[in-house]
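Structure first, then comments.
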Amino acid sequence: MSIVDEVLSDPILFYKCCWPHGVLYGKQEEILWSLRDNDETIVPAGNGLGKDYISAVAALWFFCSRRPARVVTTRVQFTQLNDVLWGEIRRLINTCAVKLPIDYKEMKIRQIYNNGRYVPLCEIVGQCVNQNEGLLGRHLPNDIPRTLVIFDEASGISDEVYTSTDTWAHKKLVIGNPFPCNNFFFKGVKAGDLKAPDGKNYYRKVIRIRATDSPNIRLSMSQVARGETPTGEVLIPGLVDYKTYKKRRATWDRVMQCIGLDGEFYEGPETLLFPPEWLNLAEGKADALKNTKRTAKAMGIDPAEGGDNTVWAIVDDYGLMFMESQKTKDTATITGRTIALMKDYS
């Protein structure tokens, strides 16, 4: 392997060669390794932890390390995509220690040959889509991973946009603050890591970044643990510092602490239809009734057609006894199932 090939195959080495004065910390390096080795990397992150910076590094490394290559970056708001993520991309290009073989024009980057001509089928683009639209038509051969999609601030992006990339995206980077949502971002984080059959790599890798992962905060916390006065030294400029962290812990409500400091989706009673205490009590009562003889008193039906789900619920004096949900193309099948349940629970 040549030196050039070694640099291009190693995202950390690529970064050190291109930005020798820059510093990545552990979680950022972990994201780059995951992007290289795994199909999908999902990153719920707190505030001020360099998620846009590492997304920009990831986009440039992936793009420069193969030909042809396509990278699509997307976010709900164009201004935010242009100013934040693409602001980091432009800054990296302008401060790079080597001349990258690329040409930048208005949120589009092309690879160029030594003679100045554009390399076919090579581009990084920024694209915003409406919630009912998709990101289509970015296909490339899959001899090696050649296409990457970056979902920036993924909590605001719809499932339709996400699934529209399934047919062409060889790699996915899903990243953002874990603001309340119920889309692919939330579901992916909750589902956790999913190993590939080889047992080494992952179909899905979740990497959470908390404020306490910042080297700036870790230094001060280690000083406090030793009984010393924290210096508040900033090891990596741009990352949240210890003073800011302490202030936010003291002044932010528990929802923002969970999202902005801990990188967690908040699931307190404010976000649930029923408080957890009610749900726990109901679960306990259901367990206590397992050996109790029960007699059905009523059945409720929520009928549906056209492929939606019809739901049957049977109750007695204690509460729910049985619930079933199944897809019904039309209402003709509902009658038969209803009669069968009435006989079963008569």
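Readers should treat all values here as calculations from the given coordinates under stated rules, not as data from a laboratory. Bear in mind the structure is a predicted one, so any value in this text is a computation, not a measurement. All Cβ positions, glycine included, derive from the backbone under ideal geometry; neighbour counts span all protein chains shown.
Given springs between every Cα pair under 10 Å in a Gaussian network model of the chain, which of Q28, Q326, Q127 has the largest fluctuation?
Q326
In nm, to one decimal, how far is the N114 label point from the S346 one, both placed 7 Å along Cα→Cβ?
About 8.8 nm separates the two model spin labels.
From the phi angles alone, apply the Karplus equation (6.51, -1.76, 1.60; θ = phi - 60°) to segment 48-54 and give each ³J(HN,Hα) in whole Hz, x where the residue is Gly or Pro.
x, 10, x, 6, 6, 4, 6
Listing T251, T331, T147, T244 from the residue with the fewest other Cβ atoms within 10 Å to the one with the most, what is the order? Please list the in-between numbers first.
On the way: T251 9, T331 12, T147 23, T244 17.
Going from least to most buried by this count: T251, T331, T244, T147.
Can you put T95, T165, T292 in order, fewest other beta carbons within 10 Å first? Intermediate results must be reported in sequence, preceding the final value.
Details: T95 11, T165 19, T292 8.
Fewest-to-most ranking of T95, T165, T292: T292, T95, T165.
Report the trypsin sites (Lys or Arg not before Pro) located in segment 83-183 that are in a DSSP loop and have at most 14 other Cβ atoms inside 10 Å of their Cβ, or state none.
Numbers: sites: R90, R91, K99, K105, K108, R110, R117, R138, R146, K171, K172; in loops: K99, K105, R117, R138, R146.
Within segment 83-183, the qualifying trypsin sites (Lys or Arg not before Pro) (loop, at most 14 other Cβ atoms within 10 Å) are K99, K105, R117.
What's the exposure ranking of C128, C96, going from fewest to most Cβ atoms within 10 Å? Let's see the in-between values first.
Values: C128 17, C96 14.
Listed from fewest to most nearby Cβ atoms, that is C96, C128.
Relative to the Cα centre, what is the charge dipole magnitude of the chain, using +1 at the beta carbon of each Lys and Arg, -1 at the beta carbon of each Asp and Glu, and rounding to the nearest 20 debye?
Details: 44 positive and 43 negative charges, 139 e Å.
Dipole magnitude for the chain comes out near 660 debye.
Please list, in chain and number order, the residues 5+ apart from I102 or on another chain whose amide H is under 5 Å from its amide H, with Hs placed from the backbone.
Placed amide hydrogens put I112 under 5 Å from I102.
Relative to the first principal axis of the alpha-carbon coordinates of the chain, what is the inclination of helix 215-225, with its axis defined by its Cα atoms, in degrees from 0 to 90 and to the nearest 10?
Result, in degrees: 70.
Separation between the V224 and T338 pseudo-spin-labels, each 7 Å from Cα along Cα→Cβ, expressed in nm?
My value for the distance between the label points is 6.2 nm.
Provide the per-residue ³J(HN,Hα) series for segment 290-295, in order, calculated from phi with Karplus coefficients 6.51, -1.76, 1.60 and θ = phi - 60°, each as a whole number of Hz, with x at glycine and proline positions.
With the stated coefficients, segment 290-295 comes to 4, 9, 8, 6, 10, 10 Hz.
Are there any chymotrypsin sites (Phe, Trp or Tyr not before Pro) in segment 57-147 that are in a DSSP loop and have at most 10 other Cβ atoms within 10 Å? List them by number.
On the way: sites: W61, F62, F63, F78, W86, Y104, Y113, Y118; in loops: Y113.
Passing sites in segment 57-147 are Y113.
For the cross-link pairs K171/K205; K27/K171; K108/K172; K16/K195; K16/K200; K187/K290, which exceed 22 Å when the distance is taken from alpha carbon to alpha carbon? Walk me through the intermediate numbers first.
Details: K171/K205 12 Å; K27/K171 19 Å; K108/K172 19 Å; K16/K195 30 Å; K16/K200 26 Å; K187/K290 31 Å.
Correct reply: K16/K195; K16/K200; K187/K290.
Of the listed values (i) 63; (ii) 71; (iii) 52, identify the label whose number matches percent of Cα pairs over 25 Å apart calculated from this model.
Checked against the structure: label (i).
Mind listing the long-range amide H neighbours of K195? Cut-off is under 5 Å, sequence gap 5 or more, other chains count too, H placed in the peptide plane at 1.01 Å from N.
For K195, the qualifying residues are Y203.
Could you list which residues have their amide H under 5 Å from that of S164, counting only those 5 or more apart in sequence or on another chain, with H placed in the peptide plane?
Answer set, sorted by chain and number: L135.
Could you tell me which of rounded, prolate or oblate describes segment 292-344, using a ≥ b ≥ c as the square roots of the eigenvalues of the alpha-carbon gyration tensor, with rounded for a/c under 1.5 and, failing that, prolate when a/b is larger than b/c and oblate otherwise? All intermediate terms of the calculation are to be shown ahead of the outcome.
Working: a/c = 3.24, a/b = 2.13, b/c = 1.52.
Prolate shape, in that a/c is at least 1.5 and a/b is the bigger ratio.
Treating cross-link reach as a plain straight distance, find the aspartates and glutamates whose alpha-carbon is under 18 Å from the alpha-carbon of K285, omitting any fewer than eight places away in the same chain.
The qualifying aspartates and glutamates are E277, D316, D317.
Assuming a ≥ b ≥ c are the square roots of the Cα gyration tensor eigenvalues, decide whether segment 3-209 counts as rounded (a/c under 1.5), prolate (otherwise, with a/b larger than b/c) or oblate. Working shown, then result.
Numbers: a/c = 1.37, a/b = 1.28, b/c = 1.07.
Verdict is rounded for segment 3-209.
Return the single residue from N216, N114, N142 with maximal mean-square fluctuation; model: Gaussian network over the chain, springs between Cα atoms under 10 Å.
Evaluated over the chain, the most mobile residue of the options is N114.
To make sure I understand the rule: partners must be aspartates and glutamates, Cα under 13 Å from the Cα of K329, and not fewer than 8 residues away in the same chain. Which ones qualify?
Answer for K329, where 13 Å is the Cα cut-off: E305, D308, listed by chain and number.
Tabulate in residue order the Karplus-calculated ³J(HN,Hα) for segment 248-264, using 6.51 cos²θ - 1.76 cosθ + 1.60 with θ = phi - 60°, rounded to whole Hz; enter x for Gly and Pro.
These are the phi-based 3J(HN,Hα) values: 5, 4, 7, 10, 6, 6, 5, 5, 5, 4, 4, 6, x, 10, 9, x, 10 Hz.
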